[in-house]
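Below you'll find the structure, written out as C-alpha cells, and then a few comments.
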Amino acid sequence: MRFLIPFLFLFGFTVSQNVQLDSLNDILQEESSPINKLKIMNQMIKYKINENIDIPEKEIKKIEEHIAKYHLESTEESCHSYRFMGIWCKIKSNYVKSNEYYFKSLNCFKKQSNDYRVILGLINIASNYIDLQSYELAKKMLGEAEDILSSNEFTRQQELELKSQLSETYSLMYFSTNDYHRALIYATEYYNTSKELQDKDKLSSALNKIGICLNELGQHEKALQKLKEELVLDKTFNNSPLFYPYYNIANTYVKMNNFDYANKYLDSAFLNYNQSNHKDISFLLESCYLLMEMSIKKGDIQKAFEYREKYFKMRDSLYAAEIKKEVVKQNALYEVEKREMEKQKLMAEKKQQQYIIIGAAITIILSVTLALLILRGYRQKQKINLELKRKNNVIELQKKLVEEQNKNITDSIHYASRIQRALLTTDSFLSDQFTPLLSEHFILYLPKDIVSGDFYWAVQKDNYFYFVIGDSTGHGVPGAFMSLLNINFLNEAIIEKGIQETGEIFDYVKQKLSYHLHGEKDGMDATMVRLDINANRSIQYSAANHQPVLVNRNKELIKCDYDKSPIGVD
C-alpha cells in the first residue's frame with residue numbers, strides 16, 4: 001500500500017489536469033465569438049505554461065491563424081497571446097523566436113497605450129538579448145523601459161514591480177559581463193524594492209544575487225551571511241528546491257578553505273536534490289567542478305583527477321551534442337531555404353523577362369501591369385535578402401557559441417598545465433641541488449599540446465639525489481594526468497616508503513599503477529639516476545624502455561643497457 005499512494009496521487013493529479021483542460025476545450029468548442037474563443041485559448045496556453053505541460057507547434061500555429069482570420073491583431077487578447085507564445089519559446093531556449101513574439105506583443109500593447117505592459121515587454125526582450133550575449137541591444141531596451149517609467153504615472157505597487165524587474169535584469173546583465181560592482185548595486189536595489197513589495201520569492205532571488213556578487217568580489221564572509229539568509233527564507237516561505245542555496249553556501253566555504261563546512265552543505269545539497277522532483281544536470285556539473293576544486297586545494301591530486309574526468313564527461317554530454325546538433329540543424333535549414341529562395345528568385349526573374357517581351361508588343365495597359373509586376377518582384381527580392389540576412393545572423397550566433405565552448409576547453413587545459421607544472425621539479429631546486437654534483441645542466445621541456453605526458457622530476461633523500469625523465473602513456477590531457485600519477489607514485493616510493501634502489505623504485509611504481517589502473521595498459525617509459533652525494537659520487541641508474549646515453553670526457557657517446565619493458569601493466 002505504501003507504493004500505491006504516490007501512484008494514485010500522481011494519477012489523480014494528471015486526471016485533474018486533463019479535466020481542467022477538457023473543460024476549457026469543451027467551452028471553446030461551444031463558443032461562437034472569435035474574441036471569446038481567443039480568451040479561452042489564452043487561458044489554456046497560460047495553464048500549460050504554469051503546469052509545465054508541453055505545447056505542440058500546431059497549437060501555437062492555430063492561435064496565430066485564428067488571430068489573422070478574424071483580424072484580432074490589435075486587440076488586448078492578441079497582445080497576451082503573443083506574450084504567452086514568447087514565454088513558451090523562452091522556456092524552450094528559442095530566444096530568437098521568443099523575441100519575435102515579444103516584439104509583436106510589445107507593438108500590440110503600444111497600440112493599447114498600456115505603458116505598464118510595454119515596460120514589461122521591453123524587459124522581457126532585454127532578458128533574451130542577455131541570454132544571446134547581445135548586451136548593447138539589452139541596454140537599449142532597458143533604457144527605453146526606464147524612459148517610459150520616468151515619464152508616466154503609475155500606482156506605487158506598479159512602480160515598485162517595474163523597478164524590481166528592471167534592477168533584477170540590470171544585475172543579471174552586468175553579472176554576465178563580469179562587472180560585479182554594478183551587478184551588486186542593482187542586486188541591492190532589487191532587494192530593497194522586493195522588501196517593500198513584501199515579495200518573498202523576489203527577496204530570496206535578490207539575496208542569492210547579492211551573495212554571488214559578493215563572492216566574486218572576494219567578500220566571502222558577507223556573501224555567506226546573505227546566502228544563509230536566503231536559505232532560511234526559502235525554508236520558511238518557498239516551495240522551490242533547496243539544492244542550489246545549499247550549493248552556493250558550500251561554494252563559499254570552499255573559497256574560504258573551510259572544507260568541513262563545505263562538505264556538510266554539499267551533502268545537504270545532494271540530499272535535497274535526490275528528494276526533489278526538479279532534476280537539473282547543471283547542478284551536478286557545477287558540484288563536480290566544486291569537488292575537483294576542493295580536492296586541488298586540499299592537495300588530493302588523485303581525487304581531483306577523478307572529479308575532473310567526471311566533469312568533462314558530463315560537460316561534453318550536456319553541451320557538445322546540443323551545440324553540434326543545433327549548428328547542423330541551422331546550417332541544413334539555411335541551405336534548404338536558400339535553395340528554395342534562389343529557385344523562387346530565378347522563376348520571378350524569368351517571369352519578369354516574359355512580361356517585358358510581351359509588354360514591348362502590347363498595349364499601354366499591359367505595360368502598366370508589367371511595371372507593377374517588376375515592383376512586386378523588387379519587393380520580393382528585398383524580402384528574400386532580409387530573410388537571408390536573418391538566417392546568417394542566427395548562424396553567426398551559433399558560431400559564437402561554439403567558439404565560446406572551444407575557449408572554455410582551452411582555458412581548462414591551461415589550468416591543467418598549471419597543476420602539472422606545480423608538480424614538476426623547479427629550476428631553482430635543480431640549481432641548488434645539482435650544482436655541487438655537476439657543473440652544467442639544462443632543461444628542455446616543450447609540450448606539444450600545452451600539457452604533456454613527458455615529465456622531469458628530482459628529489460633528495462638522505463645521502464642520495466634522484467632525478468627521473470619519463471614519457472607517460474598518452475598525449476595532451478590524458479598523458480598529463482598519467483604523468484601526475486607517475487610522479488605521485490615515485491614520490492611515494494622514495495619519500496614515504498624510503499626505497500633506495502632505482503630498480504625497486506620502478507617495481508613499486510609498476511605495482512601501484514597495476515593496482516590503480518585495474519589492468520589498463522598504461523604507464524611510462526623512464527630513466528632514473530641516483531647520485532651518491534657522499535665523497536665517492538657513485539651513480540646507479542635504471543631504464544625502462546628508455547635508453548640513456550652517456551658522454552665521457554672524450555666526448556664519446558656511450559649507449560647504456562636498458563630493460564625493453566615499460567613501467568605499467570604487462
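Structure summary
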{"quantity": "Charge sum, other residues only, whose C-beta stays under 13 Å from residue 65's C-beta, Lys/Arg counted +1 and Asp/Glu -1", "calculated": "+1"}
{"quantity": "Packing-based order for 388-396, 285-293, using average beta carbon neighbours within 10 Å, highest first", "calculated": "285-293, 388-396"}
{"quantity": "Partner aspartates and glutamates for residue 351 [C-alpha distance under 19 Å; skip if fewer than 8 residues away on the same chain]", "calculated": "340, 342"}
{"quantity": "Part-to-part distance (alpha-carbon centres) for the range 155-216 and the range 68-100, which is given in Å", "calculated": "27"}
{"quantity": "For peptides 303-313, 144-154, sequence by mean Cβ density within 10 Å, most packed first", "calculated": "303-313, 144-154"}
{"quantity": "Sequence of 19, 529 from largest to smallest accessible area, 1.4 Å probe", "calculated": "19, 529"}
{"quantity": "For peptides 499-511, 244-256, 442-454, sequence by mean Cβ density within 10 Å, most packed first", "calculated": "244-256, 499-511, 442-454"}
{"quantity": "Farthest positive-ward along the chain dipole, Cα basis, beta-carbon charges - from 122, 508, 359", "calculated": "359"}
{"quantity": "Matching label, volume of the Cα convex hull per residue in Å³ computed from the structure shown, candidates (i) 141; (ii) 288; (iii) 276", "calculated": "(iii)"}
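The values are calculated or read from the model by the stated rules, or taken from the named source; none is laboratory data. Fair warning: this is a prediction, and the values are worked out from it, not measured in the lab. In this analysis, Cβ positions are derived from the backbone assuming ideal geometry, glycine residues included, and neighbour counts consider all displayed protein chains. Heads up: the accessible areas ignore ligands, DNA and RNA and are worked out on the full protein's heavy atoms, side chains in. Shrake-Rupley method; radii C 1.70, N 1.55, O 1.52, S 1.80 Å.
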